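Comments concern the structure below.
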Amino acid sequence: MAVKPFKLALAGLSAVGLAALAACGEAPSENGGDDNADASFLACMVTDSGGVDDKSFNESSWAGMEAAAEENSDIKVDFKESSSETDYDPNLQASVDDGCNFIIGVGGLMTENVNTAATANPDIPFATVDGFSEVENVYSIQFDTAQSAFLAGYVAASQTKTGTVATWGGMKIPPVTIFMDGFAEGIEKHNADKGTDVKLLGWNAETQEGTFLNSFEDTAAGKSTTDTFITQNADIIFPVAGPAGLGALTAAAENDAVNAIWVDTDGYESTEYGAELITSAEKGLANAVKDSVLAAYDAANGGEAISGSYVGTLANDGVSLAPFHDFDSAVSADTKAELEALTQQIIDGTLVVESPASPAAQ
């Protein structure tokens, strides 16, 4: 693993990071639909805890809402933030009371709350992000992130110098453990194919036991957990914890021998810690949410009702491995070629990445 490229040069850019500003623009507004004030269709989003600017799944989902409003001027979008699980029900009900024509609940923890609200309001279409629902008027948006995490695990195994890497989660729920399963399997694949013996701390895919914070917001705990793994010789960290994962990046920034891999978004663009990030295991939240809003609008205007589910995979570009950015020269041409081959094998089905949390397994 190479020393972090350009770390000193990037550190002084800004507190937010020029890459993040270029990619994400200004912080999310309280109401993204102001430019479409006369719109007839109101799409509403209820965030999970962590806020709409969490550098992770809430922020990406909101970007999809705003993209739908930008594409169709007859769509207005709004969001309500949840600071804890107790906010889910009142925020969903408030969205109903506001006359929202389509309501999206972000995060697998909210799925049952969405089901309850949808059952009580059968004439309103709902969607759940990172959850599966059998309620007729709930559209399920899921991602087989075991696939992108598999590639990330393979990269981690190829880049570690200590032979030890680590992962930890915010909470032990399927949208988190699916990443950890894929990461573990990617490391195993590298060990089998390349004769390495890379060890993974923080997760045992066989027993489904590992390290969790029980929080998606506690960056201090994220840092202390990462510091502990660093003392155990881990030099690449894979936090699956939304904003709490920033604690891992802080720890990596303090140690030139440690790097990280991000989840959900391309962390090089969405966080200020690009110098620490080898790559990211992405899921296409923005596009999936945008498409669901546009489909719900079409349904409200005489089109086919939005129903069923969407599963993002490598095959449909719903999940992906982000570019290596500053680490591009550190990742060998051989490893890049192997990743391309593994990606194609997953797409054509000759290589199956398995997780109890995969959408197909639920």
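Every read-out reported here was derived from the displayed coordinates using simple, explicitly stated rules and does not represent laboratory data. The shown structure was predicted, so the numbers you read here are calculated from the model rather than taken from an experiment. As a convention, Cβ positions derive from the backbone with ideal geometry for all residues, glycine included, and neighbour counts pool all protein chains shown.
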Quiz item: Once you wrap a convex hull around the alpha carbon atoms of the range 314-362, what is its projected area averaged over all directions, in nm²?
Solution: 4.2 nm²
Quiz prompt | Among beta bridges that DSSP assigns inside the chain, antiparallel share in %, nearest 5 | solution = 10 percent
Exercise. For the chain, calculate the relative contact order in percent as a whole number, restricting contacts to Cα pairs under 8 Å that are 6 or more residues apart.
Key: 20 percent
Quiz item: Roughly how many whole Å is it from the C-alpha centroid of the range 115-163 to that of the range 266-282?
Solution: 20 Å
Self-check item: Residue of Thr167, Thr265, Thr313 that the Gaussian network model of the chain assigns the largest fluctuation, springs spanning Cα pairs under 10 Å
Solution: Thr313
Self-check item: Using alpha carbons only: equivalent-ellipsoid semi-axes of the range 33-157, gyration tensor based, whole Å
Solution: 25, 18, 14
Quiz item: Dimensions of the range 185-262 along principal axes (Cα, Å, largest first)?
Solution: 36, 30, 20
Quiz prompt | Angstrom value of the Kirkwood radius, inverse mean 1/r, which spans all Cα pairs in the chain | solution = 20.5 Å
Quiz prompt | Two-decimal Rg to Rh for the range 116-271 - Kirkwood Rh, Cα set | solution = 1.05
Quiz item: Among Pro175, Thr162, Phe143, whose Cα sits farthest toward the positive end of the charge dipole of the chain (+1 at Cβ of Lys/Arg, -1 at Cβ of Asp/Glu, about the Cα centre)?
Solution: Thr162
Exercise. Determine, for the range 143-302, the count of lysine pairs separated by eight or more sequence positions (or lying on different chains) whose alpha-carbon distance falls under 30 Å.
Key: 18
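Largest first and in whole Å, what are the equivalent-ellipsoid semi-axes of the range 99-146 based on the Cα gyration tensor, each being the root of 5 times an eigenvalue?
Numbers: eigenvalues 69, 19, 16 Å².
Computed over the range 99-146, the values are 19, 10, 9 Å.
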Quiz item: Quick one: putting +1 on the C-beta of Lys and Arg, -1 on the C-beta of Asp and Glu, what dipole do you get for the chain around its Cα centre, in Debye to the nearest 20?
Solution: 1180 debye
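Please list 51-59, 317-325 highest first by mean number of surrounding beta-carbon atoms within 10 Å per residue.
On the way: 51-59: 24.8, 317-325: 19.6.
Taking the mean over residues of other Cβ atoms within 10 Å, the ranking is 51-59, 317-325.
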Quiz item: Hull surface divided by four, with the convex hull built on the Cα atoms of the range 253-297: how many nm²?
Solution: 3.4 nm²
Practice problem: Consider just the alpha-carbon atoms of the range 191-314 and return their Rg together with their Dmax, both in angstrom. | Solution: 18.6, 60
Exercise. Per DSSP H run of n ≥ 4, the term is -39500 (n - 2.57); total these for the chain, divide by its residue number, and report the mean residue ellipticity at 222 nm rounded to 500 deg cm²/dmol.
Key: -12000 deg cm²/dmol
Practice problem: Kindly provide log₁₀ I(q)/I(0) values, in the same order as q = 0.23 Å⁻¹, from the Debye equation applied to equal alpha-carbon scatterers of the range 256-362. | Solution: -1.27
